[in-house]
1. Kindly list, by first and then second residue, each pair from a residue in the stretch 117-143 that is touching a residue at least 60 places away in the same chain (Cβ under 8 Å) to a residue that is of a type in the set (Asp, Glu), limited to pairs with Cβ atoms under 6 Å and residues at least 6 apart or on different chains.
2. Within the stretch 174-184, is even one residue touching a strand residue (DSSP E or B) at 6+ places or on another chain (Cβ under 6 Å), in contact (Cβ under 8 Å) with a residue 40 or more places away in the chain, buried (at least 19 other Cβ atoms within 10 Å of the Cβ) and outside any helix (DSSP H, G or I)?
3. Select from the stretch 78-90 the residues that are in a strand (DSSP E or B) and closer than 20 Å to Arg205 by Cα and list them in ascending order.
4. Whether any residue in the stretch 51-62 is within 24 Å of Thr182 (Cβ to Cβ), touching a strand residue (DSSP E or B) at 6+ places or on another chain (Cβ under 7 Å) and surrounded by 20 or more Cβ atoms within 10 Å (Cβ to Cβ) is what I want to check.
5. Would you point out which residue out of Tyr136, Tyr123 is under 20 Å from Phe8 (Cβ atoms) and of a type in the set (Phe, Trp, Tyr)?
6. Looking at (1) assigned to a loop (DSSP other than H, G, I, E, B); (2) free of Cβ contacts under 8 Å to residues at least 12 places away in the same chain; (3) not small (Gly, Ala, Ser), which is the one condition that is false for Arg93?
7. Can you list the helices (runs of 4 or more DSSP H) found entirely within the stretch 1-77 that contain at least 1 residues being of a type outside the set (S, T, N, Q) and touching a Gly at 6+ places or on another chain (Cβ under 7 Å)?
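No value in this document is a laboratory result; all are computed from the given coordinates. A quick note: this is a predicted structure, and the numbers were derived from the prediction, not measured. Glycine also receives a Cβ, built like all others from the backbone with ideal geometry; neighbour counts cover every protein chain displayed.
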Amino acid sequence: MKKANFVFLPGVFCEPNILWEAQKNKLANDANVFNYDLSSYASIDAAITRIISNSPEKFFLIGFSLGGQVALELFRKIPERIKGFLVMSASPRPPAEATRARVKNAIHGIKTKGLESFMSSFYDGYFNNDTFKQKYLDMTKKVGVEGCMNHLRIVESIEDKPFPNIICPTEILCGADDDKTTPELHREFHKKIAESKLNIIPSVRHYIMWVQPEKINEVLIKWLKN
């Protein structure tokens, strides 16, 4: 029996194998996993070109945070190849001026404070407690300064374009306590995609795949069964 294909797109400062560890383990025996690392690309166009050329003909698409923005660009380019879409902790809008200002501040902070010191202060915006702090810092250290800078450059390169026409089955996950990509933004996602379901998860901020990995795995297994 032919295995299903899953394409995973990570967020800013994320090393994909660490980020999606629970999901990779869940799918290991039943699916082909394409786990993309965005840290080698300095623009969204460069990342998209690589993803399109290296992905299978048909696949399920999973995008987290920045990966959600990259996913929207894939829908503009190759919508016919995407069988299902799972997006979480992301925005349906291009980066606002306030976001672009935070990106510039992050670039400055990394350069002046050093990666570990900057990330230690950055952590509190994404989690409700310190449970995952060392894991997060270890992950960003593995991405490295240049990789983190490239993630920020991708954000800077995102243009203001019309929202793509998404007609495949779509699942939208959001942490109820996420003040970076808020429940309001995810409700906007939900309104823009006709075949979508929205799940706002209590007591979670940004990193759903670590705090409540079963919420993501449930969707993946449902797709496998169908």
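1. Filtered contacts from the stretch 117-143: Met139/Glu15; Lys142/Glu15; Val143/Glu15.
2. Looking through the stretch 174-184, at least one residue is touching a strand residue (DSSP E or B) at 6+ places or on another chain (Cβ under 6 Å), in contact (Cβ under 8 Å) with a residue 40 or more places away in the chain, buried (at least 19 other Cβ atoms within 10 Å of the Cβ) and outside any helix (DSSP H, G or I).
3. Filtering the stretch 78-90 for residues in a strand (DSSP E or B) gives 82-88.
Residues satisfying the conditions are Leu86, Val87, Met88.
4. Within the stretch 51-62, one or more residues are within 24 Å of Thr182 (Cβ to Cβ), touching a strand residue (DSSP E or B) at 6+ places or on another chain (Cβ under 7 Å) and surrounded by 20 or more Cβ atoms within 10 Å (Cβ to Cβ).
5. Numbers: Tyr123 fails: under 20 Å from Phe8 (Cβ atoms).
Among Tyr136, Tyr123, only Tyr136 is under 20 Å from Phe8 (Cβ atoms) and of a type in the set (Phe, Trp, Tyr).
6. (2)
7. On the way: elements: 16-19, 21-27, 44-54, 66-77.
Passing ranges, in order: 66-77.
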